[in-house]
Amino acid sequence: MKIAFIVNQFPVLSETFILNQIIGLLERGHEVDIYANERGNLAKIHPSIEQYNLLERTYYFHTMPENSLLQVMGGIRLLFVIGYRNPFLVLKTLNVFKYGSQALSLGLLYTIIPSLNKSYDIVHCQFGTQSYRGMLFRKINAPNAKLITTFRGYDISGFVRKKGTHIYNQLFKTGDFFLANCEFFRQKAIQIGCNPNKILVHRSGLDCNRFIFIPRHFPDRDRIRIATTGRLVEKKGIEYVIRAVAKQLKITPNLEYNIIGDGELKANLKQLIDELEIGQTVHLLGWKNEREIIEILNKNSYFIAPSITAKNGDRDAPITYSKKQWRWGCWLSVPITANSRVS
């Protein structure tokens, strides 16, 4: 099959689950191309990006403004920028009789990839927030393709709360199939109009064979190391683990907490660590690729995955692990509320 992945950014270190899907499909003989709104950070990427030449398979859309007036003005510019390269496709996007207001707004122009000569069997939108781009992309570039959308977290929680429960009405009408990374989010999609016969749970993949089990031993004087990996955003609940570690240090002074990841709350968490005077114990390690993460986890004894419901309604998928996923040590999944207090 020929598959187009519609994503927001590529490459992104924190979205290994998307990378694993792409690689899995390639290894099974399928053709995969990636279409992104923005370029990710190329300074630090997963080794698999180079191994599978994924940047050569990646195309970037023109940025589409949210403001309608700016969208039209930008569309007029695109008429001249890309019109001479592919006039037939540009004229196709202006077909008001076929595409109505989407043609009038010039929004379809933003889906054109110059000199694109490809066809697809599937257009797969990673996150519901990319489904709008995916619907437009299919109309212009792959009208016979099946449209699949995966819901993963913010797109079916905070985004719906912000935009309203009607936000995916058009998608649910035109989409061919849907996936959710947990049953909770599947039910959320059904509650706002998704056909229950057209959505299944498909959990985010992890190649457990890369995480080899290593027995742990705890001499009295050895460090007890705990790790967390994830974006430094509110819904990850990392603040509460830091506060808990600060209190636990009074009982267990040989504790160490390693946080893998980066994000908008890095400065806030750094300030909290300084205020609690636990800089020698809690370490913000920044972004790491999968190989580096494995090396760090092999030196830690516990993995803790906290989560909260953020003030904007954003939340993570509830975590469930099978026995096979208890590979490198002990998992501690800690869901807490935004109003929780560590005691």
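Read the figures in this text as sums done on the coordinates, not as results from a lab. What you see is a predicted model; the values in this text were computed from it and never measured. In this analysis, Cβ positions are derived from the backbone assuming ideal geometry, glycine residues included, and neighbour counts consider all displayed protein chains.
Below, the figures for the structure above:
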| quantity | calculated |
| --- | --- |
| Entry for percent of Cα pairs over 38 Å apart (calculated from the structure that is shown) out of (i) 32; (ii) 23; (iii) 19 | (ii) |
| Label-point gap, in nm, between Lys44 and Asp121 - each point 7 angstrom along Cα→Cβ | 3.8 |
| Selection from Leu255, Cys208, Thr229 lying farthest towards where the dipole of segment 204-291 points positive, charges on Cβ | Cys208 |
| Evaluated at q = 0.14, 0.24, 0.25 Å⁻¹: base-10 log I(q)/I(0), Debye formula over Cα of segment 247-311 | -0.50, -1.28, -1.32 |
| Gain on full stretching of the segment that runs from Asp207 to Lys146 - 0.36 nm per residue minus C-alpha separation | 19.2 nm |
| Most mobile listed residue (Leu265, Leu109, Leu232) in the chain, GNM with C-alpha springs under 10 Å | Leu265 |
| Theoretical FRET efficiency, 1/(1+(r/R0)^6), r = Cβ-Cβ of Ile214 and Asn254, R0 25 Å, to 0.05 | 0.80 |
| Anisotropy class of segment 189-323 from Cα gyration tensor, a/c 1.5 cut | oblate |
| Inter-label distance, nm, simple model (7 Å from Cα along the C-beta direction), Leu79/Glu264 | 3.6 |
| Highest-MSF residue in the chain out of Ile278, Ile308, Ile226 [GNM, Cα springs under 10 Å] | Ile278 |
| Paramagnetic label zone (point 7 Å from Cα along Cα-to-C-beta, Tyr59; backbone N under 18 Å) in segment 95-115 | 107-115 |
| Estimated inter-spin distance, Thr174 and Lys162, nm [label 7 Å along Cα→Cβ] | 2.2 |
| Additional length obtainable on full extension of the chain from Asn289 to Glu31, 0.36 nm per residue less Cα span | 90.4 nm |
| Residue among His46, His217, His283 with the largest mean-square fluctuation in a Gaussian network model of the chain, springs linking Cα atoms under 10 Å | His217 |
| Neighbour cut-off at most 13 other Cβ (10 Å), DSSP loop, chymotrypsin sites (Phe, Trp or Tyr not before Pro), segment 201-266 | Phe213 |
| Chain lengthening between Tyr302 and Met1 when straightened (0.36 nm per residue, less Cα-Cα) | 104.3 nm |
| Around Ala310: net Lys/Arg minus Asp/Glu count, Cβ-Cβ under 13 Å | +2 |
| Segment 137-262 - Kirkwood radius from inverse mean 1/r over Cα pairs (Å) | 18.5 |
| At most 15 other Cβ within 10 Å, DSSP loop - trypsin sites (Lys or Arg not before Pro), segment 18-47 | Arg28, Lys44 |
